[in-house]
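All remarks here apply to the structure that follows.
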Amino acid sequence: MKPDAIATALRYGLLSTLAALVLLPFLGIVLASLHPAGGQVPGFSLPERWSWENLRLAWETGGFDRLMWSGTVIALFVVPLTVCFATLAGYALSILGVWGGRVLSLAFVLGLTLPVELLVIALYFNLREVGTTNTYTGVILAEVALFLPFGVYWMQSHFASMPRELVEAARVDGARDLTVLARVLLPVSWPAITTLAVLVFMWSWNQFLLVLVMIQDPALRTAPTGLGLFVGQYGTDIPLLSAATLLVIAPIVVVYLVFQRSFVNGLTQGAVKG
């Protein structure tokens, strides 16, 4: 067998193994959710009686209509704000060459190293002083600040990898800075922007600790925090708990499937240029 064929077989084998490691737990959750509520779930076995109503029971019991609404409201503000600020900051740092750009870039990179567990208590007391705890506003501001370092790093790297001739040609034609960004760079940057938007949505939707600390009102909490309380009440009912887990991850799966092509193109583009 030729070396190229062996390398190709090894690559596909590794990718298949990784895909199986990701999909098997998901398949186990799906099968467990189809067992009768309150019943035993012996591993990956098929249920003797398919119980499709577990999703409805989990939705009604956990109040997921309210939890989904809260998560959606927060994500609808966090995603565009983070993407907008990250795009403007990345453009300023990579194309405009603002004063102190290297120091600012280093500050954003250092921001990537700070875990939310280290900041959440101080953040809670700071936001409590301005009366934004237990509100969507406090969570939105905190999440935007939390996700912005990666967003700026991502967009700065993307803009820095683009041909300078595009910017110089636009400026020769008399285009100003915002015109260069809006009409020259953004049209060819949608894969990177879409990738960032999908990642930010996933992070915002899955955020647990920050929402748990910042919001005490159960009516304002999101699906992951609601699932945490659901586990405490129905931890022994594996089928019902699995159905609730599927409800929580469903929006992420839908968003990924809708933007899959742009998401993959953005990641591939960054990998090739890097």
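The values are calculated or read from the model by the stated rules, or taken from the named source; none is laboratory data. Being a predicted model, the structure only gives us computed values, none of them experimental. Cβ coordinates were reconstructed from backbone atoms using ideal geometry, including for glycine residues, and neighbour counts include every protein chain displayed. Accessible surface is based on the protein model in full, side chains and every heavy atom, while ligands, DNA and RNA are left aside. Shrake-Rupley method; radii C 1.70, N 1.55, O 1.52, S 1.80 Å.
Take each peptide in 66-75, 189-198, count the other Cβ atoms within 10 Å of every residue, and average; sorted highest first, the result is 189-198, 66-75.
Rounded to the nearest 20, the size of the Cβ-charge dipole of the stretch 44-127 about its Cα centre is 280 debye, with Lys and Arg at +1 and Asp and Glu at -1.
Taking GluC sites (Glu not before Pro) as exposed when DSSP calls them loop (any state but H, G, I, E, B) and at most 16 other Cβ atoms lie within 10 Å, what is the longest stretch of the chain free of them, the sites themselves excluded?
On the way: sites that count: 48, 53.
Longest gap between qualifying sites, sites excluded: 54-274.
Given R₀ = 25 Å, what would the calculated FRET efficiency be for residue 128 paired with residue 88, taking r from the Cβ atoms and rounding to 0.05?
Working: r = 29 Å, r/R0 = 1.17.
E(calc), rounded to 0.05, equals 0.30.
Below 8 Å between Cα atoms, with a sequence gap of 6+, how large is the relative contact order for the chain in percent? Relative contact order, the chain: 32 percent.
Give the residue list of trypsin sites (Lys or Arg not before Pro) in the stretch 92-182 that are DSSP loop and have at most 11 other beta-carbon atoms within 10 angstrom.
On the way: sites: 102, 128, 164, 171, 176; in loops: 176.
For trypsin sites (Lys or Arg not before Pro) across the stretch 92-182 that sit outside H, G, I, E and B with at most 11 neighbouring Cβ atoms in 10 Å, the list reads 176.
Across the stretch 237-244, rounded Karplus estimates of 3J(HN,Hα) from the backbone phi angles (6.51 cos²θ - 1.76 cosθ + 1.60, θ = phi - 60°) give 8, 4, x, 5, 5, 5, 5, 5 Hz, Gly and Pro being marked x. Evaluating 6.51 cos²θ - 1.76 cosθ + 1.60 at θ = phi - 60° for every residue in the stretch 180-185, the Karplus couplings come out as 4, 5, 6, 9, 10, 8 Hz, glycine and proline recorded as x. Which Cα, out of 119, 70, 169, lies furthest along the positive dipole direction of the chain (beta carbon charges, K/R +1, D/E -1)? It is 169, whose Cα lies furthest towards the positive end.
Might you report the magnitude of the Cβ-based charge dipole of the stretch 145-274 about its Cα centre, with Lys and Arg at +1 and Asp and Glu at -1, to the nearest 20 debye?
On the way: 7 positive and 6 negative charges, 46 e Å.
It works out to roughly 220 debye.
Divide by every residue of the chain the summed helix terms, -39500 (n - 2.57) for each DSSP H run of at least 4, and state the resulting mean residue ellipticity at 222 nm, rounded to the nearest 500 deg cm²/dmol. All intermediate terms of the calculation are to be shown ahead of the outcome.
On the way: 12 runs with 197 residues, N = 274.
My calculation for the chain gives -24000 deg cm²/dmol from helical runs alone.
Once you charge only the Cβ atoms, +1 for Lys and Arg and -1 for Asp and Glu, what is the size of the charge dipole of the chain about its Cα centre, to the nearest 20 debye?
Working: 14 positive and 14 negative charges, 118 e Å.
For the chain, the charge dipole is close to 560 debye.
With each label modelled as a point 7 angstrom along the Cα→C-beta vector, the residue 49-residue 61 pair spans 1.6 nm.
Share of carbon and sulfur in the accessible area of the stretch 122-271 stands at 64%, probe radius 1.4 Å. Converting phi to 3J(HN,Hα) with the Karplus coefficients 6.51, -1.76 and 1.60 and the offset θ = phi - 60°, the stretch 45-53 yields 5, 6, x, 5, 10, 6, 10, 7, 7 Hz in sequence order, with x at every glycine or proline. Using a probe of 1.4 angstrom and keeping all protein chains present, the accessible surface of the chain works out to 57 square angstrom per residue.
In degrees between 0 and 90, to the nearest 10, how far off the longest principal axis of the chain does helix 101-111 point, with axes built from Cα atoms? Approximately 10 degrees, to the nearest ten.
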